[in-house]
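The values are calculated or read from the model by the stated rules, or taken from the named source; none is laboratory data. Keep in mind that this is a model prediction, so the values were computed, not measured. Positions of Cβ are generated from backbone atoms using ideal geometry, with glycine treated the same way; all protein chains shown enter the neighbour counts. All accessible areas refer to the heavy atoms of the entire protein, side chains included, with ligands and DNA or RNA removed. Shrake-Rupley method; radii C 1.70, N 1.55, O 1.52, S 1.80 Å.
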Amino acid sequence: MLTKATFKIVSWDEEPFDEPDDGPKLTRAHVKKSFHGDLSGTGNLMYVMTYLNSGGASFTGLEKVVGTLDGRTGSFVLQHTGSYDGEKATAEYKVVPGSGTNELAGLSGTGGVSAGDAAEHDMTLDYNI
């Protein structure tokens, strides 16, 4: 089932953990999000990122989503993989198998997002329960 939602970043707390003189900087960011639409609730996300000399970045992360998906309540974890080109972040994600709880137990799926400077961002999730 294809579902669409909008999310807003509530907080972004980023800190470097490796800043070499001759290579890319590595950081981790704790991000909190709110979702509205077919998916409503909150997200608690940890990214690990590398910033490239080109001005872009590459990132991966895990996000626990708690809320309601098309009327079903529970939580699940999304595994993110993406990049930033200096203006826009693009990411694909998948539901971590076995991470669904309550009415979302057995959830599987994949989705994506493309986010620029807007306050809210559209996302999709193609899922099965």
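Worth pointing out:
- Candidate set from the stretch 15-36 (those that are of a type in the set (Asp, Glu) and assigned to a strand (DSSP E or B)); member that is most open to solvent (accessible area, probe 1.4 Å): GLU15
- Qualifying residue in the stretch 94-107 (condition: over 11 Å from the mean Cα position of the chain (by Cα), within 20 Å of VAL10 (Cα to Cα) and either β-branched (Val, Ile, Thr) or part of a strand (DSSP E or B) (or both)): no
- Residues located in the stretch 75-93, provided they are not in a loop (DSSP other than H, G, I, E, B) and not hydrophobic (A, V, I, L, M, F, W, C): SER75, GLN79, HIS80, THR81, GLY82, SER83, TYR84, THR90, GLU92, TYR93
- Scan the stretch 37-82 for residues that are open to solvent by 50 Å² or more (accessible area, probe 1.4 Å) and farther than 30 Å from GLU103 by Cβ and the total you get is 6.
- Enumeration of residues in the stretch 1-14 that are more than 23 Å from TYR51 (Cα to Cα) and exposed (fewer than 11 other Cβ atoms within 10 Å of the Cβ): LEU2
- Among the residues listed as ASP126, ASP85, ASP117, ASP122, the single one being in contact (Cβ under 8 Å) with a residue 40 or more places away in the chain, open to solvent by 60 Å² or more (accessible area, probe 1.4 Å) and within 24 Å of SER11 (Cβ to Cβ): ASP122
- GLY112 small (Gly, Ala, Ser), part of a strand (DSSP E or B) and out of contact with any Asp or Glu (no Cβ under 9 Å at 6 or more places or on another chain): no
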